[in-house]
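Notes for the one structure printed next.
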Amino acid sequence: MADLRSTIAGIRSPNPFWLASAPPTDKLTNVVRAFQAGWGGVVWKTLGEDPPVVNVSSRYGAHLDNERKLIGLNNIELISDRPLEVNLQEIIQVKRDWPDRAMVVSLMARIEEEAWAGLARRIAATGAVDGLELNLGCPHGMCERGMGSAIGQVPDMVEQVTRWVKNATNLPVIVKLTPNITNILWSAEAAKRGGADAVSLINTVNSIVAVDLDAMAPTPVVDGKGSHGGYCGPAVKPIALNMVAEIARNPDTAGLPVSGIGGVTNWRDAAEFLALGATNVQVCTAAMTFGFKIVEDMINGLSNWMDDKGYANLDQLSGRAVRNVVNWNDLNMNFSTKAVIDPALCIDCGRCHIVCEDTSHQAIRIDQGDNRRIFTVVNEECVGCNLCSHVCPVPDCITMQPEENGLPYMTWPEDPRNPMRAAAAE
Amino acid sequence: MTLNADIPASPYADLTPPLTAVQALAESNRCLFCYDAACVRACPTGIDIPSFIRSIATGNLKGAATTILSENIMGGTCARVCPTETLCEQACVRNTAEERPVAIGRLQRHATDALFARKGPHPFARAASTGKRVAVVGAGPAGLSCAHRLATLGHEVMVYEAKPKSGGLNEYGLAPYKMADDFAQREVAFILEVGGITVEHGRRLGGDLSLEALRAEFDAVFLGVGLGGNNRLNIPGEERDGVENATAFIERVRQATPDAPVAVGRSVVVIGGGNTAVDAAIQAKRLGAEDVTLVYRRGRGQMGATAWEQELAQTNGVVLKTFAAPVAIDATGITLERTQLEDGKLVMTGERYSLPADMVLKAVGQTLAREALDGLALSGGKIVVDDDLRTSLDGVYAGGDCVASGEDLTVQSVQDGKRAALAIHRHLTA
């Protein structure tokens, strides 16, 4: 059995699956249910200074696929709308009852040192908290009050706030980054300069998730109007993976612990974040879609897969794919792969043919066989784009098989077809 | 009539219920949107099945129904009665990996039912009038399909129907559990909404109509007269009370009202192996018969009814007795003789046994009523037509069960009517 115990920024948890700061971690009842289900830790929903905020009615919009599977969720909910003291007392009680689980508390304040430092000290004074997470990413509502992403989008402010909080308490500080920026490295580097013990990312993506075509308003509709909100769930995972990898492979931020967030729905997603350098993961939408029980398969799925692959613990897995994330200019121009269609698995739907024919390289030929069509890749036309293998409904029916061509690894800067190289040589 | 607790609340209710919205969503998303899809090639009317199913999945039910009806104006009936297990669903590529095709027939019903429920304007417009007039004999699937297509192409159509209602076998020949809630008449009303079609009932070829007069009066004539006659068993006792053609039985059941259902025997024997035999047997059971036995002289593999229909009969309490040929009917029941196949040839074994029966329904095939078809070339008991469904008489076309265009199925009749209309249109506008 692989050892799933996790430590990030000195914060220990029995497994790397935390619930992110969000509605599921808003109060004792939910968090206790989460711990009973097996979650390794929580980031308590963002606390602010009293008086607490007031939320609107109707808060979530959904991006559903054709089968009503939720692939993205959008929210316009603000931070915790309960008094600070109520939250702190509950945090104390939960930590007392569940001492082995990670208890991290998210916080947010005005861009004033005393606001951040005071809030951090009050939270630390509970003695029940393992770490703090700075909410510098909320892209709706709070940013209109100069908080959330309004801070996270300005690297200097990220650095400043991080330093204020670091100086205020001895607790580890995780800085949660917003993806609503041009370059995630600027924020991550700023957090590191400010003394962050770790960063967590991504916060939600600014979005209008859908338009209600009857109300003619964005969803969720609040009395005929809607606002932009924060988008999360499986659909944002690719954005998050890239940003995590950018931080992991950037020399200035390499080694800065990362808590991976963004569409983690199952153990495989978690393994991908870990492979790209994350130390643990945080989950929200999957829990809000299926309930807390999903953590069971996350834990034993990751454990079983690690056993199969020979990873004894998370350290052996974390960052394993980072060295293989390179710039386009470092890819091998001499590599060639071709699609191969297994006629024994083919069910004769023809989708590989029509997508290649209509939208790509006209590289899949149809021959009439006995009672069925035979689809064959025309190697001379196939550029190895993978499209056919992605649209094929049968697993492993279309595989990509690299060609042995005996050519050396040659990047674009080395490629004689590169006009810039030719110019440089002159 | 024997009543028992297993009789359905209404013997006329749907045997296969419509899909719920949730079921339709899940099922429509199983469609792979195949390229040059096998299901389309397997549909006699060539409905663009992947397109209509995709429209269901996107919530475009009106578009889905219009896609269906543009190739098959009786898509609603075909959704209910087509042997999809041997047509579109047999070809579905989902069979290959999962052994469960997309439920194309039930999705088709979902879409067409939704269109009918909208009560919006008719989805098809008529082209400018051509000034041509076409007579259609028979308001069954072939005739109405032909009439509707001709009307959309701008022709005026006069439909002559011998029976009091339109719809042909949809109205008189299919089990009520397939055509619940008066669907045949609702569909006829929908088809006539297009305009340009007049239907006169009680007008029979050979009665007050003659082919000669129709040819003189109209620019073209389409015959969709179906098969009016029934084969006989030619065994002693066939004329006894309680012995009836299955088609006549179904017609009586269809025309009865729910408050006065048709009485059935305690022990019913149905002779035959086709879909009419299965319809009659299941319907007899649903009307309260204690025992229903379907007797067929060959094996299950040779039955005209599909394997799915056979299973439907069995799950509805019908006993299938194969390799049994009827030899006599008397006051107590029916005498059968065991048969066997020798080199594909059916031979009697001489071994006889009896089944008690107080009702015997004959479903051993139908025949073309030849009266009033003078001058038309016939072959194999059907009207001879060419690839354009032209008969041997100039300007006279024919389609449906009265020609040998394919299997005797509603969907084939609709296709015949459509193709004949297109051929007539080409002929009249050449």
For the stretch B:275-283, 3J(HN,Hα) per residue [Karplus equation, 6.51 cos²θ - 1.76 cosθ + 1.60, θ = phi - 60°, Hz, x = Gly/Pro] | 5, 5, 4, 5, 4, 5, 5, 5, 5
Pairwise centroid distance, computed over Cα atoms, of the stretch B:173-247 with the stretch B:398-415, Å | 14
Return A:MET243, A:MET288, B:MET74 ranked ascending by Cβ neighbour count within 10 Å, so the fewest neighbours appear first.
-> A:MET288, A:MET243, B:MET74
How big is Rg to Rh over chain A, alpha-carbon atoms, Rh as the Kirkwood inverse-mean-distance radius?
-> 1.03
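Is there a quick way to get the dipole size of the stretch A:225-369? I mean about its Cα centre, with the Cβ of Lys and Arg at +1 and of Asp and Glu at -1; what is the value in debye to the nearest 20?
Dipole about the Cα centre, nearest 20: 280 debye.
If packing is taken as the average count of other Cβ atoms within 10 Å, what order do B:15-22, A:50-57 fall into, highest mean first?
Descending packing order for the listed peptides: B:15-22, A:50-57.
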Relative contact order for the stretch A:6-324, counting Cα pairs under 8 Å that sit 6 or more residues apart, in percent = 18
Among B:PHE52, A:PHE292, B:PHE222, rank each residue by its count of other Cβ atoms within 10 Å, from fewest to most, as a rough exposure measure.
-> A:PHE292, B:PHE52, B:PHE222
Ignore the peptide's own chain and count Cβ atoms of other chains within 10 Å of each Cβ in B:83-95; give me the average, rounded.
-> 1
When Cβ neighbours within 10 Å are restricted to other protein chains, what is their mean count per residue of peptide B:36-45?
-> 2
Please identify every one of the trypsin sites (Lys or Arg not before Pro) in the stretch A:317-418 that sits in a loop by DSSP and has no more than 10 other beta carbons within 10 Å of its own beta carbon.
-> A:ARG417
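As an exercise, identify the chymotrypsin sites (Phe, Trp or Tyr not before Pro) in the stretch A:318-414 lying in DSSP coil whose Cβ has no more than 15 other Cβ atoms within 10 Å.
Qualifying residues, ordered by number: A:PHE335, A:TYR409.
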Set Lys and Arg Cβ to +1 and Asp and Glu Cβ to -1, take the dipole of the protein assembly as shown about its Cα centre, and tell me which of A:CYS138, B:LEU214, B:ALA398 lies farthest positive.
-> A:CYS138
Along the stretch B:55-70, Karplus-curve 3J(HN,Hα) (6.51, -1.76, 1.60; θ = phi - 60°) to the nearest Hz, with x for Gly and Pro, reads 5, 4, 5, 8, x, 9, 5, 5, x, 4, 5, 5, 4, 5, 6, 5
Sorted by chain and number, the residues with a modelled amide H under 5 Å from that of A:LEU73, at a separation of 5 or more or across chains, are A:HIS63, A:CYS232, A:GLY233
For B:LYS345, go through the lysines and keep the ones whose alpha-carbon is under 28 Å away, minus same-chain ones fewer than eight residues off.
-> B:LYS321, B:LYS362, B:LYS382
Fewest to most Cβ atoms within 10 Å: A:SER200, B:SER379 sort as B:SER379, A:SER200
On average, how much area does the Cα convex hull of the stretch B:26-84 cover when viewed from any direction, in nm²?
-> 3.9
Ratio for the stretch A:46-93, C-alpha Rg to 2.2 N^0.38 Å, reads 1.59
About its Cα centre, chain A carries a charge dipole, from +1 on Lys and Arg Cβ atoms and -1 on Asp and Glu Cβ atoms, whose size in debye to the nearest 20 is 1000
Set Lys and Arg Cβ to +1 and Asp and Glu Cβ to -1, take the dipole of the stretch B:323-402 about its Cα centre, and tell me which of B:LEU376, B:GLN366, B:ALA328 lies farthest positive.
-> B:ALA328
Loop-exposed GluC sites (Glu not before Pro) per DSSP, neighbour cap 11 Cβ within 10 angstrom, longest uninterrupted part of chain B = B:240-430
Take the protein assembly as shown, drop everything but the C-alpha atoms, weight them equally and run the Debye formula without solvent; then report log10 I(q)/I(0) at 0.06, 0.07, 0.11 Å⁻¹ to two decimals.
-> -0.62, -0.77, -1.18
Partner shielding of A:348-355, as the mean number of partner chain Cβ atoms within 10 Å, equals 5
Using alpha carbon coordinates only, what is the Rg to Rh ratio of the stretch B:230-366, with Rh defined as the Kirkwood radius?
-> 0.95
The answer for A:ILE261, listing residues at least 5 apart or on another chain whose modeled amide H is closer than 5 Å to its amide H, is A:LEU201, A:ILE202, A:GLN282
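Could you calculate, for chain B, the ratio of the Cα radius of gyration to the Kirkwood radius, expressed as Rg to Rh?
We get a ratio of 0.98 for chain B.
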Taking the Cα centre of the protein assembly as shown as the origin, how large is its charge dipole in debye, to the nearest 20, when only Lys and Arg (+1) and Asp and Glu (-1) carry charge on their Cβ atoms?
-> 860
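How much of the calculated P(r) for the stretch B:36-172 lies past 22 Å, in percent of all Cα pairs?
Numbers: 4130 of 9316 pairs.
For the stretch B:36-172, the share of Cα pairs beyond 22 Å comes to 44 percent.
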Let me know the volume per residue of the alpha-carbon convex hull for the stretch A:328-422, in Å³.
-> 119
A correct Kirkwood calculation over the Cα atoms of the stretch A:131-220 returns a hydrodynamic radius in Å of 13.6
Is it possible to state the helix-based mean residue ellipticity at 222 nm for the protein assembly as shown, with each DSSP H run of 4+ residues giving -39500 (n - 2.57), the sum divided by total residues, to the nearest 500 deg cm²/dmol? What is it?
-> -9500 deg cm²/dmol
Could you give me the ³J(HN,Hα) list for the stretch B:326-338, computed from phi with Karplus coefficients 6.51, -1.76, 1.60 and θ = phi - 60°, whole Hz, x at Gly and Pro?
-> x, 10, 6, 10, 9, 5, 9, x, 10, 9, 10, 10, 5
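Since every read-out is calculated from the coordinates, none of them should be taken as a lab result. What you see is a predicted model; the values in this text were computed from it and never measured. Every residue, glycine among them, receives a Cβ derived from its backbone with ideal geometry; neighbour counts consider all protein chains shown.
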